[in-house]
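Beneath this line is the structure, given in structure tokens, with notes to follow.
The values are calculated or read from the model by the stated rules, or taken from the named source; none is laboratory data. Values in this document were obtained by computation on a predicted structure and should not be read as measured data. Here Cβ is always computed from backbone atoms with ideal geometry, including for glycine, and neighbour counts include all displayed protein chains.
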Amino acid sequence: MKGMTPAAGAAPRTPAKLASFVDAMPRLVDAVPVSVTADTDYYTTSIKSGYAQLAPGNPTAISSYGGGFVGPLIRARRGRKVAVTYTNNLTSGVVVHLHGGHVPAPSDGFPTDEIAPGASRTYTYPNLQRGATLWYHDHLHMAEAINVFNGLHGVYILHDPAEDWLGLPSGRYDVPILLRDAFLDADNALYYDPTLDWTVMLANGKARPYFAVGQRRYRFRLINASNHRYLTLSLSDGTPLVQIASDGGLLPAPAVAPALELSSAERGEVIVDFSKYPMGTRLYLQDSVLGQILRFDVTEACPPEPAKAPLPATLATLPALTQATNTRKITLSLSADGNYFFINGQAFDPNVVIASIPVGTTEIWEVSDISGWEHNFHIHLVQFRVLDINGVAPGPSLRGLKDTVSIPANGTVRLQATFADYPGKYVFHCHLLEHASFTGMMARMDITA
């Protein structure tokens, strides 16, 4: 990747040779509030080093939220606040960002708002947005790529009672799956070198695991937490995936397609119905490049599913697009020496404001790549609507609320967002983390009162 070379003098690493489908994929562990008030759930999490069993053999040294390779699963409810106090027990600084969260600036995780070693910080999340699958991860300036690679990521589910009438799978049949690639060496050590091919795919912190399912419908919340890998996911028997939600929550209508494409940080929720498969069936979730990454074993006895109605043609009604008051041009480019990516001609400087946006403004952003590279683009604070990609209206999977979207090489994506509230400093950036961390592909925006 541009701007990155292996560490000087680093010895070549032999990749691990791992057997597939040996370990069960774990269900994520729910965070438990330390206290509860009338309107807020309070949590505490230690950010610390430790070990996790990612694959058979030696345990792997990791950085973690709370001790697990995937942090505690925070279950929030729309309209009820969550406050998380993170204590940094690592030897270097960290920042926590709730990806996709509509939150005040002090709780967004600006890249230089560092939690120093031994210090604590409380992030407060209002949870006033629509229900969605969010995730949290490190966002420290020039370190987020390495920190996320080492394990600083977790899942945050915002439940919205407005979904209840749909009768979607719930409880143990509503399963978040954090997917990401890694390089494990012959000793099962995580080895960070973005010039290598990271071919170990982890699902909820296990390398190519299996997962027992029953003969019924499941809701899988798929999160691509890879640093820079794009995923194209499908079922091995060719059954289409029925996508019901993307980054910002429910789609307007189910999107049925042979495969689900997720760039780094994007989420997609799908319904998979295992009722048609005989007990003992093995079905695989596969990626177009890495092949089989997760095996579903239809072996679990489960109670009969309540009478299920077909998914309605309309899942959610999105707010009408308001009249934009400004059109902003964002250009993604490559430096003359080919080592750095720029946004509007410059590398990230946390003290330089690229966009100043008054509270209440609705803007159209024309995000154009002239670097010749495909990127993906994430705006903090807001969920946006994709208007068109190279002049073509978005397909069904991109018609919902989004916070991250792919930008084609030498292409243009038009987005519309309303910056309704929460003045302060935020960022937007490429979410291929090496581009954001090391090659300057990030910019500051200030929302002004």
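Overview of results
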{"read-out": "Residue that is surrounded by 23 or more Cβ atoms within 10 Å (Cβ to Cβ), over 24 Å from Gln53 (Cβ atoms), modelled with pLDDT of 95 or more and not β-branched (Val, Ile, Thr), where the choices are Leu158, Leu184, Leu202", "value": "Leu158"}
{"read-out": "Hits in region 373-407 - residues which are more than 19 Å from Ile343 (Cβ to Cβ), small (Gly, Ala, Ser) and either in contact (Cβ under 8 Å) with a residue 60 or more places away in the chain or surrounded by 21 or more Cβ atoms within 10 Å (Cβ to Cβ) (or both)", "value": "Gly395, Ser397, Gly400"}
{"read-out": "In region 66-115, residue surrounded by the fewest Cβ atoms within 10 Å (Cβ to Cβ) [restricted to those that are in contact with a helix residue (DSSP H, G or I) (Cβ under 9 Å, 6 or more places away or on another chain) and among the basic types (Lys, Arg)]", "value": "Arg77"}
{"read-out": "Residue in region 116-137 that is touching a Phe, Trp or Tyr at 6+ places or on another chain (Cβ under 7 Å), outside any strand (DSSP E or B), surrounded by fewer than 19 Cβ atoms within 10 Å (Cβ to Cβ) and not β-branched (Val, Ile, Thr) present", "value": "no"}
{"read-out": "Filter result (touching a helix residue (DSSP H, G or I) at 6+ places or on another chain (Cβ under 9 Å) and among the acidic types (Asp, Glu)) within region 233-263", "value": "Glu261"}
{"read-out": "Any hit, region 362-372, residues being crowded, with 19+ Cβ neighbours inside 10 Å, in a loop (DSSP other than H, G, I, E, B), in contact with a Leu (Cβ under 8 Å, 6 or more places away or on another chain) and assigned by TED's automatic domain parsing to the domain that holds His429", "value": "yes"}
{"read-out": "Residues located in region 158-207, provided they are acidic (Asp, Glu), part of a loop (DSSP other than H, G, I, E, B) and closer than 24 Å to Phe296 by Cβ", "value": "none"}
{"read-out": "Residue match in region 41-52 (condition: acidic (Asp, Glu) and part of a strand (DSSP E or B))", "value": "yes"}
{"read-out": "Phe220 being buried (at least 18 other Cβ atoms within 10 Å of the Cβ) and closer than 22 Å to Asp30 by Cα", "value": "yes"}
{"read-out": "Every pair of residues 6+ apart whose Cβ atoms lie under 6 Å, when the first sits in region 141-168 and is not assigned by TED's automatic domain parsing to the domain that holds His429 while the second is part of a helix (DSSP H, G or I) and charged (D, E, K, R)", "value": "Ala145/Glu434"}
{"read-out": "Test: Ser63 is modelled with pLDDT of 95 or more, crowded, with 20+ Cβ neighbours inside 10 Å, among the small types (Gly, Ala, Ser) and in a strand (DSSP E or B)", "value": "yes"}
{"read-out": "From the options Leu387, Leu381, residue that is at pLDDT 95 or above and outside any loop (DSSP other than H, G, I, E, B)", "value": "Leu387"}
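Quick grid of which residues meet (1) charged (D, E, K, R); (2) modelled with pLDDT under 95; (3) in a loop (DSSP other than H, G, I, E, B):
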residue	(1), (2), (3)
Met4	no, yes, yes
Ala7	no, yes, yes
Ala11	no, yes, yes
Leu54	no, no, yes
Val70	no, no, yes
Ala83	no, no, no
Thr87	no, no, no
